[in-house]
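Below is one structure; the comments refer to it alone.
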Amino acid sequence: MSDAIGIVGGGIVGVALARALTARGDQVTVFEKEGRLAQHQTGHNSGVVHAGLYYTPGSLKASLCAAGRALLRDFCAERSLPYREVGKLVVAVDESELPALAEIERRSIANGVPDLVRIDDGAGLREIEPHVAGVAAVHSPHTAAVDYASITEAMAQDVRAAGGGIRLGHEVTRLRTENGRVRVVTPVSDDVFDRVIVCAGLQSDIVARLVGADPSPKILPFRGEYWEMAPGRTDLVKGMIYPVPDPRFPFLGVHFTRGVYDNVHVGPNAVPALAREGYDWLRISPKDTWESLRWPGALPLAKKHWRMGVDEISGSLIKPLYFQKARRFVPELRMSDLTHKSAAGVRAQAWGRGGELLDDFAVDQVGAVTLLRNAPSPAATSSMAIADYVIAHHLTD
Ligand SMILES: Cc1cc2nc3c(=O)[nH]c(=O)nc-3n(C[C@H](O)[C@H](O)[C@H](O)COP(=O)(O)OP(=O)(O)OC[C@H]3O[C@@H](n4cnc5c(N)ncnc54)[C@H](O)[C@@H]3O)c2cc1C
């Protein structure tokens with residue numbers, strides 16, 4: 001018998017779940033608080049289909065990224081959506097970065113990244129990216145660029161065609177378990193479902209609290225800002241150029257990314273956002289900021305990483321500092337090549353009570369409510385595989 005399932009959140013993960021559930025015959029309703037789908041992380045990200053270079057082997061991130069990449073590639077082909085395999089070069093600028101590069105190579109091999117190549121000299125690097133500087137790199141030729149908002153819309157068409165409902169402008173304000181079923185209340189609706197799945201991104205801890213779930217992990221919002229490269233200078237970058245990441249914070253470090261529409265952006269950085277949906281320094285929510293500050297993990301986090309924080313905030317406020325970081329990789333870059341800041345994104349990154357970063361995807365169950373508590377990058381890449389995983393592990397009785 002089919003179930004009536006409510007989904008909170010119209011980002012790519014919620015809509016991918018709705019698509020997979022309607023395909024197996026469930027009656028699905030998606031609740032999205034905004035007037036359009038994909039208005040938060042899904043529509044404000046780097047647009048990269050990751051090939052799985054960084055993730056701890058054996059983690060959900062590693063397995064669902066690999067599976068999700070293949071599903072997404074096939075979906076884009078089926079629906080004639082743009083999918084460009086521009087490739088990614090992870091560059092060690094000097095010898096001090098070689099051990100960390102070796103670790104990325106080890107993880108990539110363990111994760112089955114397809115056709116990965118190690119390059120050990122500057123000339124080899126420049127065969128792939130003619131303007132790059134560095135001593136060694138790994139190249140992932142199948143890393144791709146897409147438009148996640150369009151993909152989400154295409155998935156939503158399938159949901160509607162299969163009889164599913166997508167309710168925009170419906171903010172879920174109450175969730176209550178009643179006789180094993182779940183009541184979902186918004187200011188304009190009141191419904192009861194057999195099961196509810198929450199994929200609320202930046203609000204996922206707030207919605208989790210509505211059903212009495214543990215407040216930890218908490219979402220501390222970190223904004224990622226991008227600079228756009230002057231159209232006449234984008235030939236400095238053929239595909240994607242990434243630094244060797246710190247495995248503890250793989251999202252840090254200036255990247256060059258050729259997007260699906262051929263623009264090249266530089267970024268994102270990672271600065272604390274002063275509101276959950278704080279897309280610039282002027283968007284401040286005293287409530288969100290106060291909640292972040294009084295989280296027990298905030299102080300240990302600040303003590304441990306204050307240097308990194310100061311560095312990122314300085315780069316956000318002072319363009320020459322950001323530019324200097326970018327120019328390490330592309331020495332021909334000029335300050336005037338970074339023309340303006342483009343739309344930023346805010347990461348829903350979950351942190352524990354002790355200030356520790358929750359690295360892997362995390363799903364909790366409270367009665368008939370399934371809570372996606374941590375779905376940071378590469379969750380857009382992995383979205384269709386996350387949907388299959390949640391159905392297999394949480395919705396199959
Ligand atoms: C700067 C940046 C760069 C990134 N780059 C990449 C990348 O290149 N590749 C990649 O794979 N991933 C990337 N990511 C991560 C990726 O964007 C996210 O992991 C993914 O979009 C998560 O999707 P989601 O559906 O869980 O969340 P979201 O897209 O944030 O969607 C959650 C939705 O829930 C809605 N919502 C919240 N509360 C309620 C409520 N009470 N009632 C109703 N609706 C509600 C919100 O309005 C929102 O639309 C990046 C993220 C950022 C921020």
>> Suppose we filter the range 211-231 for residues that are of a type in the set (Phe, Trp, Tyr) and within 21 Å of TRP295 (Cβ to Cβ); how many remain?
In response: 1
>> Need a quick list: strands (runs of 3 or more DSSP E) entirely within the range 242-360 having at least 3 residues that are surrounded by 15 or more Cβ atoms within 10 Å (Cβ to Cβ) and among the aliphatic types (A, V, I, L, M).
In response: 338-351
> So which residues in the range 211-224 are within 11 Å of the ligand (Cβ to nearest atom) and either among the basic types (Lys, Arg) or surrounded by fewer than 20 Cβ atoms within 10 Å (Cβ to Cβ) (or both), if there are any at all?
Replying inline: ARG223
> Which residues, counting only those in the range 137-166, are closer than 30 Å to ILE109 by Cβ, under 15 Å from the mean Cα position of the chain (by Cα) and of a type in the set (Gly, Ala, Ser)?
Replying inline: ALA144, ALA145
> In the range 322-364, how many residues are free of Cβ contacts under 8 Å to residues at least 60 places away in the same chain, within 16 Å of the ligand (Cβ to nearest atom) and among the charged types (D, E, K, R)?
Replying inline: 0
> Which ranges mark the strands (runs of 3 or more DSSP E) fully within the range 19-128 that have 2 or more residues being more than 16 Å from the ligand (Cβ to nearest atom) and buried (at least 21 other Cβ atoms within 10 Å of the Cβ)?
Replying inline: 88-92
> Do we find a residue being at pLDDT below 90 and farther than 30 Å from ALA4 by Cα anywhere in the range 356-372?
Replying inline: yes
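A quick yes/no check of all residues on (1) more than 30 Å from VAL363 (Cβ to Cβ); (2) in contact with a Phe, Trp or Tyr (Cβ under 6 Å, 6 or more places away or on another chain):
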site: LYS218; (1), (2): no, yes
site: ALA230; (1), (2): yes, no
site: LEU252; (1), (2): no, no
site: GLY267; (1), (2): no, yes
site: GLU291; (1), (2): no, no
site: GLU312; (1), (2): no, no
site: LEU321; (1), (2): yes, no
> When the range 363-385 is examined, which residues are found to be in a helix (DSSP H, G or I) and over 13 Å from the mean Cα position of the chain (by Cα)?
Replying inline: MET384, ALA385
> Does any residue in the range 301-315 that is outside the structural domain of ASP280 (by TED's automatic domain parsing) and in contact (Cβ under 8 Å) with a residue 40 or more places away in the chain come within less than 8 Å, Cβ to Cβ, of a residue that is exposed (fewer than 12 other Cβ atoms within 10 Å of the Cβ) and not in a helix (DSSP H, G or I) six or more places away or on a different chain, and which pairs are these?
Replying inline: none
>> So ALA208 ticks every box in (1) of a type outside the set (D, E, K, R); (2) over 27 Å from the mean Cα position of the chain (by Cα); (3) more than 30 Å from LEU317 (Cα to Cα) but one. Which box is left unticked?
In response: (2)
> Do we have any residue at all in the range 51-62 that's among the polar types (S, T, N, Q) and farther than 30 Å from THR173 by Cβ?
Replying inline: yes
> Would you say VAL192 is part of a strand (DSSP E or B) and more than 14 Å from the ligand (Cβ to nearest atom)?
Replying inline: yes
> When you go through ASP194, ASP115, ASP121, ASP147 one by one, which is the residue that is touching a residue at least 24 places away in the same chain (Cβ under 8 Å) and closer than 24 Å to PRO99 by Cα?
Replying inline: ASP115
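The values are calculated or read from the model by the stated rules, or taken from the named source; none is laboratory data. None of the values given here were measured: they were computed from a predicted structure. Note: ideal-geometry Cβ built from the backbone for every residue, glycine included; neighbour counts use all protein chains shown.
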